[in-house]
């Protein structure tokens with residue numbers, strides 16, 4: 001791990017997980033002004049365009065792979081169109097002992113004045129609960145059904161290699177071609193198909209715009225930057241963001257950034273169930289890696305640093321991390337050492353905690369071991 005990556009990692013560990021109301025307020029304003037005017041696919045596409053056009057763009061000092069889900073690292077959005085949290089929900093998030101989030105007073109104020117008055121009774125959860133039979137409610141209250149999916153959209157999606165061989169402009173061309181081929185006179189589903197394609201087109205264009213705004217931000221930072229080396233990096237970041245994901249990636253750096261923008265687009269549009277997976281990332285990136293080594297635009301060390309910036313394994317509650325920091329570092333190193341002992345295909349890793357650490361959070365140390373295992377990837 002380079003000193004730059006170590007600095008970024010420590011910065012991430014020390015940041016407190018915080019709730020942001022920015023997305024909720026943007027989504028509320030858009031939905032209030034456009035409710036009932038468009039089909040659901042087009043409405044969702046337009047909403048994503050509105051979000052990426054107005055949300056805060058963050059590029060941190062020293063970063064190479066750019067893009068955040070919220071306005072800053074570990075500052076996360078909410079999705080009131082799925083579940084509109086009550087003020088009490090938010091206060092519990094702020095005070096519960098495990099998996100807590102800081103909920104600033106301004107978030108509570110935004111929810112009380114803007115978000116809850118509009119989404120109460122309109123959220124997907126509210127509408128589903130209203131439609132479900134009394135027998136379902138009885139089973140739910142008895143604890144038979146989990147509440148987890150009340151707050152989520154479907155997820156657990158794995159990408160193939162399309163985004164590494166084609167750009168979103170290529171997909172837009174495909175969409176336009178299919179839309180033009182629909183027979184509006186003979187196909188009874190013609191309208192639904194065109195609306196679905198229109199929503200896809202809007203979403204693809206929105207992700208391109210999201211990347212363009214990062215390019216604009218990088219160039220703005222160039223004007224403020226005094227370090228010649230960092231100025232050069234920011235200019236390169238801008239060039240990467242101008243090219244991907246609009247066009248197919250040409251380099252290792254562009255391939256990583258293209259994936260990350262697509263990932264952010266998916267989890268900005270809806271709160272997918274925790275997993276939007278790049279698939280066999282090593283296989284997808286191999287040709288870019290070999291090409292970069294061959295043409296001299298990449299070295300093994302620079303590739304490693306880019307991967308370190310792109311692969312982020314969260315390490316839990318900052319207070320717990322601070323108390324366990326020496327052991328977290330040790331667990332990370334043990335993970336790296338384990339890879340060297342068995343460079344083959346690992347199928348299982350057991351982490352045992354004993355002695356003075358027995359009362360600590362074992363998941364925190366297990367994640368650190370996992371980070372070490374993935375470090376060489």
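Where is the GNM fluctuation largest for the chain (alpha-carbon springs, 10 angstrom cutoff): 238, 356, 211?
With Cα springs under 10 Å in the chain, the top fluctuation among 238, 356, 211 is at 356.
Write down the radius of gyration of the chain and its Dmax, each obtained from C-alpha positions, in Å.
Rg then Dmax for the chain, in Å: 22.7, 75.
In what order do 171, 79 fall by count of nearby beta-carbon atoms within 10 Å, going from fewest to most?
In increasing order of surrounding Cβ atoms, one gets 171, 79.
Please work out whether segment 216-310 counts as rounded, prolate or oblate from its C-alpha gyration tensor, where a ≥ b ≥ c are the square roots of the eigenvalues and a/c under 1.5 means rounded, while otherwise a/b larger than b/c means prolate and anything else oblate?
Numbers: a/c = 2.03, a/b = 1.15, b/c = 1.77.
In terms of gyration-tensor shape, oblate.
According to the square roots a ≥ b ≥ c of the eigenvalues of the Cα gyration tensor, what is the shape class of segment 5-151, taking rounded for a/c under 1.5, prolate for a/b larger than b/c otherwise, and oblate for the remainder?
Because a/c hits 1.5 or more and a/b fails to exceed b/c, segment 5-151 counts as oblate.
Quick one: order 256, 87 by neighbouring beta-carbon count within 10 Å, fewest to most. Numbers along the way, then the final one.
On the way: 256 27, 87 14.
Ascending Cβ contact count within 10 Å gives the list 87, 256.
Between segment 153-228 and segment 262-296, how many Å separate their Cα centres?
First find each Cα centre; the distance between them is then 16 Å.
If you scale each eigenvalue of the Cα gyration tensor by 5 and take the root, what three semi-axes come out for segment 71-160, rounded to whole angstrom and sorted largest first?
Numbers: eigenvalues 119, 68, 46 Å².
One finds semi-axes of 24, 18, 15 Å for segment 71-160.
Give me 241, 10, 84 ranked fewest to most by other Cβ atoms within 10 Å of their Cβ, as a rough exposure proxy.
10, 84, 241
Pick out which of 203, 180, 133 has the largest mean-square fluctuation in a Gaussian network model of the chain, springs linking Cα atoms closer than 10 Å.
Residue with maximal mean-square fluctuation among 203, 180, 133: 133.
If you project the alpha carbons of segment 42-114 onto the principal axes, what extent comes out on each, in Å, largest first?
36, 36, 19
Under a GNM of the chain (C-alpha, springs under 10 Å), which listed residue has the highest mean-square fluctuation: 302, 21, 229?
In the Gaussian network model the winner is 229.
Note the direction-averaged projected area, equal to a quarter of the hull surface, for the Cα convex hull of segment 224-275, in nm².
Working: hull surface 19.7 nm².
That works out to 4.9 nm².
Mean residue ellipticity at 222 nm from the helices of the chain, using -39,500 (n - 2.57) per DSSP H segment of n ≥ 4 over the full residue count, to the nearest 500 deg cm²/dmol?
So the calculated ellipticity at 222 nm is -19000 deg cm²/dmol.
Bear in mind these aren't lab numbers, they're just calculated from the coordinates by the rules spelled out. All values derive from a computational prediction rather than experimental measurement. Glycine also receives a Cβ, built like all others from the backbone with ideal geometry; neighbour counts cover every protein chain displayed.
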